[in-house]
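Okay, structure first, notes after.
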Amino acid sequence: MIVVTGATGNIGSALVGLLVDAGARVRAVSRGTRPVELPTGAEHAVADLGDLDSLSAALQGADALFLLITGEQLMTGPEPALLLKTAADAGIRRVVFVSSQGAVTRPQSDGYARTIAFEQALAESGLDWTALRPGAFFSNTLAWIEPVRAQRVVPAPFGDVGLPAVDPADIAAVAAVALREDNHHGRAYTLTGPAVITPRDQAAALAEAIDTPITFLELTPEQAKQNMLRFMPEPVADHTLSILGAPTHEEQQVSHDIETVLGRPATPYAHWAQRHRAMFA
């Protein structure tokens with residue numbers, strides 16, 4: 001049995017489907033705040049990573065865990081070592097953890113302290129573990145749905161600063177392999193897309209996908225931060241803006257870890273835009 005936390009999110013929902021298709025028994029965990037539609041063969045459990053009793057109950061009978069921390073859990077919550085002990089006591093022997101590239105490129109940032117603590121706790125846990133370190137997500141551009149649909153405008157800061165952003169479905173595909181196969185213990189994979197792409201380029205790809213002109217509207221960093229604070233803690237917003245506006249050389253490098261694990265190239269943004277075009281049209 002494989003337990004998938006964050007099962008209603010951009011990575012988790014894709015991962016559940018991939019694991020079910022591969023014939024795995026899957027328990028999809030969410031906090032119960034969103035409707036859950038699961039493929040046939042997956043079961044649902046309500047649990048919160050901030051409540052270790054509920055987590056322990058959700059892990060019973062499972063031996064592998066996909067661990068995703070989001071929102072407030074990026075800044076606070078149970079000690080990583082205690083959470084992992086709870087998992088081990090429940091029978092978990094393998095953990096695939098979604099970390100971040102910034103845990104390596106910006107280790108002094110407060111926004112990554114808890115992510116780094118989880119990686120360290122995993123290394124000391126005695127569990128079979130794999131860390132996934134994605135950079136920016138293609139799905140971050142879902143924040144543009146409303147202005148694109150209403151005004152055919154993409155509002156974003158740093159329009160000409162590029163990053164090799166990644167498709168969450170590719171992250172899920174790597175996770176599915178690491179959860180099911182035995183040769184990924186102790187590995188940390190940097191997950192990027194196949195090329196550096198700017199917000200202005202992404203807007204153009206969306207325009208092509210929906211076959212409608214879209215105007216790019218450059219936001220100031222402060223305007224962008226106010227938008228981000230609607231769905232992320234302030235320290236996370238601050239370091240996200242820092243990466244978007246002033247990425248390091250390492251953060252702009254394309255990694256080939258997705259191709260190494262999956263045997264195929266990472267998905268380009270234009271393909272992601274085509275898959276999601278109905279949401280923007």
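Brief remarks on what is shown
- Candidates Gly50, Gly32, Gly23 - the one that is out of contact with any His (no Cβ under 6 Å at 6 or more places or on another chain), open to solvent by 30 Å² or more (accessible area, probe 1.4 Å) and touching a residue at least 24 places away in the same chain (Cβ under 8 Å): Gly50
- One residue stands out among those in the range 240-269 that are among the hydrophobic types (A, V, I, L, M, F, W, C) and modelled with pLDDT under 95: the one that is nearest to Gly162 (Cα to Cα), which is Leu244.
- Residues in the range 164-173 include none that are of a type in the set (D, E, K, R), under 20 Å from His239 (Cα atoms), part of a loop (DSSP other than H, G, I, E, B) and touching a residue at least 24 places away in the same chain (Cβ under 8 Å).
- Candidates Glu222, Glu251 - the one that is on the phi < 0 side of the Ramachandran plot and open to solvent by 50 Å² or more (accessible area, probe 1.4 Å): Glu222
- Residues of the range 101-125 that turn out to be closer than 19 Å to Leu179 by Cβ and open to solvent by 20 Å² or more (accessible area, probe 1.4 Å), as a count: 3
- Look at (1) surrounded by 21 or more Cβ atoms within 10 Å (Cβ to Cβ); (2) over 23 Å from Lys85 (Cβ atoms) and you find that Ala58 fails only one, number (2).
- Subset of the range 257-273 [in a loop (DSSP other than H, G, I, E, B) and either within 25 Å of Gly159 (Cα to Cα) or open to solvent by less than 50 Å² (accessible area, probe 1.4 Å) (or both)]: Ala266, Thr267, Pro268
- Selection status of Leu217, hydrophobic (A, V, I, L, M, F, W, C), surrounded by fewer than 16 Cβ atoms within 10 Å (Cβ to Cβ) and without any contact (Cβ under 8 Å) to a residue 40 or more places away in the chain: no
- Every condition in (1) part of a helix (DSSP H, G or I); (2) free of Cβ contacts under 8 Å to residues at least 60 places away in the same chain holds for Gly126 except the one numbered (1).
- Filtered by the rule that a residue be crowded, with 16+ Cβ neighbours inside 10 Å and either not in a helix (DSSP H, G or I) or not hydroxyl-bearing (Ser, Thr, Tyr) (or both), the range 72-87 gives Gln73, Leu74, Met75, Gly77, Pro78, Pro80, Leu83, Leu84, Lys85, Ala87.
- Filtering the range 74-124 to residues that are within 15 Å of Ala136 (Cβ to Cβ), of a type outside the set (Gly, Ala, Ser) and touching an Asp or Glu at 6+ places or on another chain (Cβ under 7 Å) leaves Gln101, Thr105.
- Scanning the range 129-153 for residues that are open to solvent by 20 Å² or more (accessible area, probe 1.4 Å), aliphatic (A, V, I, L, M) and within 16 Å of the chain's Cα centre (by Cα) yields Ala136, Leu142, Ala143.
- Failed item in (1) assigned to a helix (DSSP H, G or I); (2) open to solvent by 80 Å² or more (accessible area, probe 1.4 Å); (3) without any contact (Cβ under 8 Å) to a residue 24 or more places away in the chain, with Glu208 passing the rest: (3)
- Listed conditions (1) basic (Lys, Arg); (2) more than 20 Å from the chain's Cα centre (by Cα); (3) more than 24 Å from Asn183 (Cα to Cα) are all met by Arg31, apart from (2).
Residues are listed down the side, and each one gets a yes or a no for (1) over 19 Å from the mean Cα position of the chain (by Cα); (2) more than 20 Å from Leu142 (Cβ to Cβ); (3) open to solvent by 20 Å² or more (accessible area, probe 1.4 Å):
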{"position": "Pro155", "(1), (2), (3)": "yes, no, yes"}
{"position": "Phe158", "(1), (2), (3)": "yes, no, yes"}
{"position": "Ile171", "(1), (2), (3)": "no, no, no"}
{"position": "Ala176", "(1), (2), (3)": "no, yes, no"}
{"position": "Arg187", "(1), (2), (3)": "no, yes, yes"}
{"position": "Val196", "(1), (2), (3)": "no, yes, yes"}
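- Failed item in (1) closer than 18 Å to Met279 by Cα; (2) not in a helix (DSSP H, G or I), with Gly193 passing the rest: (1)
The values are calculated or read from the model by the stated rules, or taken from the named source; none is laboratory data. All of these numbers come straight from a predicted model, not from anything done at the bench. Ideal geometry is used to build each Cβ from the backbone, glycine not excepted, and the neighbour counts take in all protein chains shown. Heavy atoms of the whole protein, side chains included, go into the accessibility calculation; ligands, DNA and RNA do not. Shrake-Rupley method; radii C 1.70, N 1.55, O 1.52, S 1.80 Å.
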